[in-house]
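The values are calculated or read from the model by the stated rules, or taken from the named source; none is laboratory data. Source: prediction; values computed, not measured. Positions of Cβ are backbone-derived with ideal geometry, glycine not excepted, and every protein chain shown enters the neighbour counts.
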């Protein structure tokens with residue numbers, strides 16, 4: 001009986017004190033969050049301690065920053081694990097900014113299907129974006145894909161006009177590829193119902209999409225900017241059921 005009571009006491013002792021560091025970390029993070037928000041005048045969406053140099057990760061308005069517990073520095077840049085050269089910041093950003101693919105308003109996108117269409121990809125693009133034009137040419141090489149292109153005029157004054165001309169075309173996908181791949185300017189009317197583009201702009205801002213192209217994969221993960229086509233294909237293949 002004495003041994004049984006001692007065992008219970010040891011378990012209680014272990015559970016209580018094992019949880020203490022976690023609680024302490026939580027308290028420190030909470031205090032740091034308040035201090036950072038006061039210092040920067042911005043809301044911290046999430047905060048967590050990393051396993052690197054005692055740094056805390058701050059997720060603010062779609063960006064990741066780092067600081068220590070004393071707020072002696074603020075770091076804006078990528079954290080690279082030197083052991084395997086893995087970009088920790090990029091991996092975390094993809095996770096923190098992920099959404100449900102099904103939450104995308106797919107009826108507001110230009111849809112292209114090639115082959116069996118099993119691989120899914122959604123992009124937010126500006127018709128005057130040079131990197132978007134490179135992406136359009138590269139994606140034409142892929143088969144067995146369903147691609148949703150959200151027109152997101154962001155860069156120039158006539159980006160809005162071009163987006164609405166493309167949306168008003170009888171064959172939206174052809175009009176898009178004619179311009180992005182072949183350089184044939186759209187010359188369609190712009191007086192059709194183009195409210196989908198206005199909704200795209202509002203939705204993109206809500207998601208903090210501030211670069212074109214921005215890609216969303218089937219698992220909801222987000223990758224902004226120019227992405228090598230082999231990386232895109234590898235990611236899509238990995239997400240196949």
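Listed values, structure above:
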read-out: The listed residue being surrounded by 11 or more Cβ atoms within 10 Å (Cβ to Cβ) and touching a helix residue (DSSP H, G or I) at 6+ places or on another chain (Cβ under 6 Å), out of 88, 47, 99; value: 47
read-out: Count of residues meeting criterion [out of contact with any helix residue (DSSP H, G or I) (no Cβ under 9 Å at 6 or more places or on another chain) and in contact (Cβ under 8 Å) with a residue 60 or more places away in the chain] in the stretch 188-209; value: 3
read-out: Test: residue in the stretch 62-75 that is under 23 Å from the mean Cα position of the chain (by Cα) and surrounded by fewer than 12 Cβ atoms within 10 Å (Cβ to Cβ); value: no
read-out: Search result, residues across the stretch 210-240 that are under 14 Å from residue 120 (Cβ atoms) and without any contact (Cβ under 8 Å) to a residue 40 or more places away in the chain; value: 235, 238
read-out: Evaluation of residue 174 against (1) more than 20 Å from residue 105 (Cα to Cα); (2) outside any helix (DSSP H, G or I) (one fails), failing number; value: (2)
read-out: Considering residues of the stretch 177-186 that are assigned to a loop (DSSP other than H, G, I, E, B) and without any contact (Cβ under 8 Å) to a residue 24 or more places away in the chain only, the residue farthest from residue 140 (Cα to Cα); value: 185
read-out: Test result for residue 201, surrounded by 18 or more Cβ atoms within 10 Å (Cβ to Cβ), out of contact with any strand residue (DSSP E or B) (no Cβ under 7 Å at 6 or more places or on another chain) and either closer than 13 Å to residue 126 by Cα or in the same structural domain as residue 89 (by TED's automatic domain parsing) (or both); value: yes
read-out: Matching option when the condition is over 21 Å from the mean Cα position of the chain (by Cα), closer than 30 Å to residue 60 by Cβ and surrounded by 15 or more Cβ atoms within 10 Å (Cβ to Cβ), among 160, 178; value: 160
read-out: Flag if residue 189 is in the same structural domain as residue 147 (by TED's automatic domain parsing), assigned to a loop (DSSP other than H, G, I, E, B) and under 17 Å from residue 151 (Cα atoms); value: yes
read-out: Yes/no for residue 170 being loosely packed, with under 14 Cβ neighbours inside 10 Å and out of contact with any strand residue (DSSP E or B) (no Cβ under 7 Å at 6 or more places or on another chain); value: yes
read-out: Candidate set from the stretch 121-132 (those that are in contact (Cβ under 8 Å) with a residue 60 or more places away in the chain and crowded, with 19+ Cβ neighbours inside 10 Å); member that is nearest to residue 160 (Cα to Cα); value: 126
